[in-house]
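The values are calculated or read from the model by the stated rules, or taken from the named source; none is laboratory data. Bear in mind that the values here come from a model prediction, so they are computed numbers and not experimental data. Neighbour counts run over all protein chains shown; Cβ positions are idealised from the backbone, glycine included. Heavy atoms of the whole protein, side chains included, go into the accessibility calculation; ligands, DNA and RNA do not. Shrake-Rupley method; radii C 1.70, N 1.55, O 1.52, S 1.80 Å.
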Amino acid sequence: MALRDPHSYCDDTQPRVASFAWKARVDFASRTLDASVTLKLAQPAAAAGPIDLDTRELTVREAEDESGRALRFELSSPDPILGARLRIELPAGCARIVVRYRTQPTASALQWLEPAQTQGKRHPFLFSQCQAIHARSVVPLQDTPAARITYTAELTVPLALRAVMAAGATGRTEQGAEATEQFSMPQPIPPYLFAFAVGELASKDLSPRSRVWAEPGLLEDAAWEFAEVERLIETAERLFGPYDWERFDILTMPPSFPYGGMENPRLTFLTPTLLAKDRSLVNVLAHELAHSWTGNLVTNANAEHFWLNEGFTVFAERRILEALEGAEMTALHAALGFQSLKDALERFSAQPELTKLRTRLQGVDPDEAFSQVPYEKGYLFLKALESAAGRPAFDAFLRQYLQTFRFQALTTEQFLAFTREKLPGALEKVDASRWLDSPGLPADAPLPRSARLDAVKAVKGAPPEALAATWSPAEWQLYLEVLPRPVPAALCAQLDDAYALTRSRNSEVLVAWLTIAVEANHAPALARAEEVLKTVGRMKYLRPLYQSLTRSQQGVQGARALFEKTRSSYHPIAQRVIDSLLR
Ligand code: BES
Ligand code: ZN
């Protein structure tokens, strides 16, 4: 028995599932999917024996082989992190397994929204978010990124709604009060990239290979905000090689989407909090696009090597940004990243092992281990390697890395072996083991430097108007984040009077501002923060805003009282994060 992923029951001595055909009926009334999946094995089972699949909260009705013969199956009692193992006994020669099952309303990958939680307020909405180990709450699978799969899917939904998937659309048929939409995903993916959404959706073309989807009332704003997507793709292709997924569509999510973006292949999911009306937050789009190479093409073997996905992607995101907006702007973003890294290192000071890049996650929920460390420490490690090797050599290395491991998963050890061979001496030069296996940050970490950065940091008190007039949102955000805490109420009032920060349309600036102004009990900020918390479910914002409420005159009691009211509107994962924050 060989269990290589601490978060999966997948046993790589057993037959491997190469593709699946999924059919599901979406029932908004009961918040369940009534589904069946046909799992196709890479090879017919050589001998009779078990196959172990990952599931979470699935009600399995039956399992049978291709000829309709019932197969014996057993669902283990659930592990709190992994879920339940579904063991199916295969006869020799078996090549396909059909499983009929139902999901639970609490499925961890799904958020079911009431019409009131949508922009249009008329129809319900459903979306999935499978990373890292939630696909198993929707489909019984070998749910490890080390196992790639292709799939086809058929989703039956209410007639008024559309289904979209991170796959190619192949047709829609309507019958009675329902429509069935078909999809096919020809490129093999790690299961965490399985994704779909159902709602009142419309689309607009942005380029021959990219369109944006959104609720009709948001479509024009979204199309404007993301209009530069083709330039981003072309820039990324120049840096990292051809785009391998045919289409790059975008889905604008409802505001309760718990992340900024999710790199679902062919259909990136983006939070509507990016709609700043000035394109100032397109770095998130660049980030999700960059995952098309780093993460989706070359994938971490399991969550212990998550930095291979996110560290490389932040590096790639900032290369795209540098090509399009220059080194100064990129340094500002890197400085913001560095701030978030410092916060994360502090937050994890009691669990320093989670601040290593190479982690050990047996018995640890990947959602609990999640932080900016793999992103920003990973980025700095790659910057250190880049400066050790020189940019031309590192660029060539990156391309070779992407070429060598495309459509594969790899571990940190495999990354090291490859780097040792292709960039001789570089690992020693940066002392890679300190980055990978020590907590915290090496003292000689390459910190971002720039003139604009220095200018922001030099400001004492409120910025002079002439300077502030030149500031981008990133500079405002940085200024607010480095202001010495606690910020006096008088300074908050002065800043708000002069610069109307409580009305900022840039969500990053707004949240950075509210975080300090709420703590200072600045009344307009308290009211605005409450508004934000009632509509937005992006975890990056929930955490600091609830935290600041606990430090305001509202205190923990006030924060808990608000959370009581808002809790059910948040994604299940976000609910858990705030539960533990306010406990
Ligand atoms: N893949 C992540 C989101 C994610 C990570 C979801 C782990 C579930 C588990 C995505 O690419 C991401 O990193 N999004 C960032 C944006 C970014 C610019 C750093 C986010 O959501 O804030
Ligand atoms: Zn990412």
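Backbone phi angles across region 130-142, fed through the Karplus curve with coefficients 6.51, -1.76 and 1.60 (θ = phi - 60°), yield HN-Hα couplings of 9, 5, 8, 10, 10, 4, 5, 7, 10, 9, x, 8, 7 Hz in residue order; Gly and Pro are listed as x. Here the peptides 208-216, 314-322 are ranked by packing, the mean other Cβ count within 10 Å, and the order with the highest first is 314-322, 208-216. Let me check against my output: what whole-number percent is the relative contact order of the chain, with C-alpha pairs under 8 Å and at least 6 apart? With pairs under 8 Å counted, the relative contact order is 11 percent. Put simply, when 276-283, 68-75 are sorted by average Cβ atoms within 10 angstrom per residue, most first, you get 276-283, 68-75. For region 440-560, the orientation-averaged shadow of the C-alpha convex hull comes to 8.6 nm² (one quarter of the hull surface). A simple charge model with +1 on the Cβ of Lys and Arg, -1 on the Cβ of Asp and Glu and nothing else charged puts the dipole of region 67-171 at about 200 debye relative to its Cα centre. The protection proxy used here, the mean number of other Cβ atoms lying within 10 Å of each residue, ranks peptides 334-341, 230-237, 258-265 as follows, highest first: 258-265, 334-341, 230-237.
Here the average projected area of the convex hull drawn through the C-alpha atoms of region 351-398 stands at 4.0 nm². The residue list 539, 486, 523 was ranked by how far each Cα lies along the charge dipole of region 454-583 toward its positive end, using unit charges on Cβ atoms, and 539 comes out on top.
Of the listed pairs 460/565; 457/534; 121/342; 540/565; 356/460; 422/457, which have alpha-carbon separations greater than 31 Å here? The answer is 460/565; 457/534; 121/342; 356/460; 422/457. Considering only 514, 385, 75, and ranking their Cα positions along the charge dipole of the chain that arises from unit charges at the beta-carbon of Lys, Arg, Asp and Glu, the one farthest toward the positive end is 75. Across all C-alpha atoms in region 37-180, the radius of gyration and Dmax reach 17.0, 54 Å. For the chain, the dipole from Cβ point charges (+1 on Lys and Arg, -1 on Asp and Glu) about the Cα centre works out to 340 debye, to the nearest 20. Neighbours of residue 356 by Cβ distance under 9 Å: Lys/Arg scored +1, Asp/Glu scored -1, total +1. When both region 61-89 and region 103-162 are represented by their alpha-carbon centers, they are found 21 Å apart. Rounded, prolate or oblate, given the Cα gyration tensor of region 161-237, with a/c below 1.5 counting as rounded? Oblate.
Compactness check for the chain: Cα Rg over 2.2 N^0.38 Å is 0.97. Counting only Cα atoms, the size of region 168-319 along its three principal axes is 48, 35, 30 Å, in decreasing order.
By DSSP, the beta bridges lying fully in the chain are antiparallel in about 80 percent of cases. Report, in whole Å, the centroid distance computed from the Cα atoms of region 540-565 and region 449-472. That distance is 30 Å.
Heavy-atom accessible area for residue 485, with the other protein chains in place and a 1.4 Å probe, reaches approximately 120 Å².
Counting only the Cα atoms, region 328-428 fills a convex hull of 132 Å³ per residue. With the simple spin-label model, which puts each label point 7 Å out from Cα in the Cβ direction, the residue 465 to residue 327 separation comes to 3.5 nm. For region 34-87, what does the alpha-carbon gyration tensor say about shape, rounded, prolate or oblate, given a ≥ b ≥ c as the root eigenvalues, a/c under 1.5 as rounded, and a/b over b/c as prolate? The shape class here is prolate.
If you add up the charges near residue 126, with Lys and Arg at +1 and Asp and Glu at -1, over every other residue whose beta carbon is less than 14 angstrom from its beta carbon, what do you get? It works out to a net charge of -3. For region 477-529 versus region 229-258, the spacing of their alpha-carbon centroids is 33 Å. Counting Lys and Arg as +1 and Asp and Glu as -1, what is the net charge of the other residues whose Cβ lies under 12 Å from the Cβ of residue 342? Charge balance near residue 342 sits at -2.
For the chain, adding -39500 (n - 2.57) for each run of n ≥ 4 DSSP H residues and dividing by the number of residues yields -11000 deg cm²/dmol at 222 nm. Taking the Cα centre of region 427-526 as reference, the dipole from Cβ charges on Lys and Arg (+1) and Asp and Glu (-1) amounts to some 140 debye. A 1.4 Å probe over all protein chains sorts 371, 438 by accessible area into 438, 371, starting with the largest.
Restricting the calculation to Cα atoms, region 273-365 shows an Rg/Rh of 1.02 when the hydrodynamic-style radius is the Kirkwood one. What residue among 168, 265, 577 has its Cα farthest toward the positive end of the dipole of the chain, where the charges are +1 on Lys, Arg and -1 on Asp, Glu, each on the Cβ? With unit charges placed on the Cβ atoms, the residue in question is 577. With the cut-off at 1.5 for a/c, could you classify region 376-440 from its C-alpha gyration tensor as rounded, prolate or oblate? Oblate shape, in that a/c is at least 1.5 and b/c is the bigger or equal ratio.
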